[in-house]
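All remarks here apply to the structure that follows.
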Amino acid sequence: MNQGYIDQLIKGMSLRQKIGQMFVCGFWGTEISDELRQFIGTHQIGGLIYFARNVKTTEQVGRLSRDLQQAAAASGTLPLWISIDQEGGMVARITEGVALMPGNMALAAAGSADWVYESARVSGEELRSLGINLNFAPVLDVNNNPLNPVIGVRSYGESPEAVAAYGTLAFRGLQDVGVAATAKHFPGHGDTAVDSHLDLPTITHERKRMDEVELVPFKKAIAEGIDAVMSAHIYFPALEPSKLPVTLSHAVLTGLLREELGYDGVVMTDCMEMKAIAEHYGTVKAAVMAVEAGADTVLISQTPQLQVEAMEALEQAVRSGRIAESRINASVRRLLALKAKRGLLGSTAELEAAQQQQEQDGQAARVHDDKQDAPGLQDKLPGNEVHMDLARRISEASITLVQARDGVLPLKRQRTLVISVAAAALTIADEVIARTESLGSALAAQGVDVSDRPVTLTEVADQAGRLVEEAGGEEVRQIVVGTYNAQFDPAQIKLVQDLLALGKPVLVAALRNPYDLMCFPEASALVAAYESRPLALVSTAKAIAGAVPFKGRLPVSLGASYPAGWGLQTEAPKQG
């Protein structure tokens, strides 16, 4: 589609329609409501974002996507971005009925460039089949701060070059199947000790250091054709003379990203209801400031009133002369060009064909369990066997053996007390994590004699005394502890230290943050699993029970003893 067609589209749009195209909005519910249908038509918005609150089943998601697009078409609204944060691993909104791929750090631990590309391609293919055309991934933050509370395993690791290489493969995988990809969080959220969902972080590095670390992955993504870049709600004094976060900084979004780095793709904000923005500037006021700074899309994920007020405020800013309408046109031009590139705009015949394809995708989802499907159909369905096998192979290869002594591995077939801290939503990025099976149940499935004691984060302190007493009993011969971000939780650290003091073999498996392992150098064995999704728990259980070999290597350093790239390799079990 040529630029002339897009220019004609823009000429025929009112100011309010153009402003609507610059907003991606969250909503509540798993079906389209009359209020949402009216909201789409009245405000002519550019797109919507799915969270876990919008998801029940893959069939329901496919139907919802179709209904949203039909509502847009019926009201004369351009086809919508249907967006999502489907990073893989611990940050994903759709977790059932799809092949949920391991997250970035697990992928890096597995160490295969082909797998990084294929996992993104498969995820994109499944998202597209559900009507989702924009993914807020990949994360290109270089996680070089062990105390980072919000990025961590969402990063490919501490090497700028590795993050750049893997991130490029990931966005190519998404874009190759027609899903717009988003590099985040520009210019880098990896070296913060503050979660921008909760407050405004500051990174004080000099520009030279940023060129050598934080900016490396983004420069490569820009050079290789990333569709969109999401701004970070972080203040960088070296880049911005006033105390403004990147999202509101003309010096960064326009001066650095557009002019110096030459990026002419779509610039998106992170959610403007995050506290780094909302509490310091106000969501509505900041939406106008973000556009002034250079953002093309404003993301407001929660509150309809704020969404409407932000659109009205931006319109008023243009009518008052504060923002030139040509500035709005420039953003809309980039947005429509990307919609065209990803197949959302076209001739009537093309749009009808796209609608027919969506209907076929919906039919495919509905016959997911039908063994009489047409030949080849199963290979295109979310969560099909081929896709699930890829996720399994990556997961098993990612499990990293950091330390092993005392002959504790593979686990002996004797009474084993397994204490695992259940996954929890620790940041708004996690949103919600449903309680899943425990590490103990996964080990029991491998034939280990298990006493399974799963606990939640809030139960650790209260249950610790009872657990240590049980662990000291004569019948317990070995102990396995699965931690969950223990380095931020004194109760978990004390529990493990009390268990170590019993003098029995203790294996510690970090079920999210590998930096947990630095707290327990005395353990008989240390294992990094990088995530607590059911697949990762099964892979961890297989590895420590000896059913599969340890192959993973650390993408981050765990102190001087265990540098990035470290990992003890074991042999595959003998057959027969």
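One residue stands out in segment 189-221 among those that are in a loop (DSSP other than H, G, I, E, B) and at pLDDT 90 or above: the one that is farthest from A162 (Cα to Cα), namely E206. Looking across segment 456-495, the residues that are touching a strand residue (DSSP E or B) at 6+ places or on another chain (Cβ under 6 Å), more than 15 Å from R512 (Cα to Cα) and surrounded by 19 or more Cβ atoms within 10 Å (Cβ to Cβ) come down to L467, A471, Q478, I479, V480.
Based on this model, can you work out whether A165 counts as assigned to a helix (DSSP H, G or I) and open to solvent by less than 40 Å² (accessible area, probe 1.4 Å)?
Working: assigned to a helix (DSSP H, G or I): yes; open to solvent by less than 40 Å² (accessible area, probe 1.4 Å): no.
Criteria not met by A165.
Could you say whether any residue in segment 525-541 is over 26 Å from V91 (Cα atoms), in contact with a helix residue (DSSP H, G or I) (Cβ under 9 Å, 6 or more places away or on another chain) and either of a type in the set (G, A, S) or outside any helix (DSSP H, G or I) (or both)? Break it down into steps so the answer makes sense when it comes.
Within segment 525-541, the first condition is being over 26 Å from V91 (Cα atoms), and the residues that meet it are 525.
Subsequent filtering for residues that are in contact with a helix residue (DSSP H, G or I) (Cβ under 9 Å, 6 or more places away or on another chain) retains 525.
Filter once more, keeping what is either of a type in the set (G, A, S) or outside any helix (DSSP H, G or I) (or both): 525.
The answer is yes, given that some residue of segment 525-541 is over 26 Å from V91 (Cα atoms), in contact with a helix residue (DSSP H, G or I) (Cβ under 9 Å, 6 or more places away or on another chain) and either of a type in the set (G, A, S) or outside any helix (DSSP H, G or I) (or both).
Just name the residue that is farthest from the chain's Cα centre (by Cα) out of those in segment 302-333 that are among the aliphatic types (A, V, I, L, M) and within 11 Å of K18 (Cβ to Cβ).
The first filter runs over segment 302-333 and keeps only residues among the aliphatic types (A, V, I, L, M), leaving 306, 308, 310-311, 313-314, 317-318, 323-324, 328, 330, 332.
Add one more test, that the residue is within 11 Å of K18 (Cβ to Cβ), and what stays is 311, 314, 318, 328, 330, 332.
On the way: M311: 27, L314: 29, V318: 34, I328: 29, A330: 29, V332: 26 Å.
Within segment 302-333, the match that is farthest from the chain's Cα centre (by Cα) is V318.
Count of segment 113-155 residues, restricted to those that are of a type in the set (F, W, Y) and open to solvent by less than 10 Å² (accessible area, probe 1.4 Å), is 1.
Residues that are among the basic types (K, R), modelled with pLDDT of 95 or more and either within 28 Å of R477 (Cβ to Cβ) or in contact with a His (Cβ under 8 Å, 6 or more places away or on another chain) (or both) within segment 521-576 comprise K542, K551, listed in sequence order. Touching a Ser or Thr at 6+ places or on another chain (Cβ under 7 Å), open to solvent by 10 Å² or more (accessible area, probe 1.4 Å) and of a type in the set (D, E): does that describe E212? No. For the subset of segment 247-262 comprising residues that are in contact (Cβ under 8 Å) with a residue 40 or more places away in the chain and of a type in the set (G, A, S), which member is nearest to F186 (Cα to Cα)? Looking at residues that are in contact (Cβ under 8 Å) with a residue 40 or more places away in the chain and of a type in the set (G, A, S), I get S249.
Scan segment 395-418 for residues that are more than 27 Å from A110 (Cβ to Cβ) and touching a helix residue (DSSP H, G or I) at 6+ places or on another chain (Cβ under 7 Å) and jot them down. Listed by number, the list holds a single entry, L417.
Within segment 509-538, being open to solvent by less than 20 Å² (accessible area, probe 1.4 Å) and without any contact (Cβ under 8 Å) to a residue 40 or more places away in the chain holds for A510, D516, F520.
The values are calculated or read from the model by the stated rules, or taken from the named source; none is laboratory data. Just so you know, these numbers come straight off a predicted model, no measurement behind them. We place every Cβ from the backbone using ideal geometry, glycine too, and count neighbours over all the protein chains shown. For accessibility, only protein heavy atoms count, side chains too; no ligands or nucleic acids. Shrake-Rupley method; radii C 1.70, N 1.55, O 1.52, S 1.80 Å.
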